[in-house]
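Just so it is clear, none of the values below were taken in a lab; they were calculated from the coordinates. Keep in mind the model is a prediction, meaning the values are calculated, not measured. Note that each Cβ is placed from the backbone with ideal geometry, even for glycine, and that neighbours are counted across all protein chains shown.
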Amino acid sequence: NSLSPEQPNVIILHTVKGKGVSFMEDNLLWHYRAPDEKEYTLALKELTG
């Protein structure tokens with residue numbers, strides 16, 4: 001059960017969009033919308049501490 005370069009491989013992950021940013025996490029809006037400058041700054045602050 002290991003990955004093989006000779007055969008197609010697939011990896012299925014269950015992820016949470018926006019994980020780590022309080023106002024983006026698991027919010028469908030952020031699947032297609034880009035943050036404005038204020039939102040970007042706040043998100044960066046949340047991600048970097």
Output for Cβ contacts, cut-off 8 Å, separation at least six or different chains, first residue without any contact (Cβ under 8 Å) to a residue 12 or more places away in the chain in region 34-49, second of a type in the set (A, V, I, L, M), reads Pro35/Met24; Pro35/Ala43
Residue by residue through the chain, note down the ones that are part of a helix (DSSP H, G or I), of a type outside the set (D, E, K, R) and surrounded by 10 or more Cβ atoms within 10 Å (Cβ to Cβ). Leu29, Trp30, Tyr40, Thr41, Leu42, Ala43, Leu44, Leu47
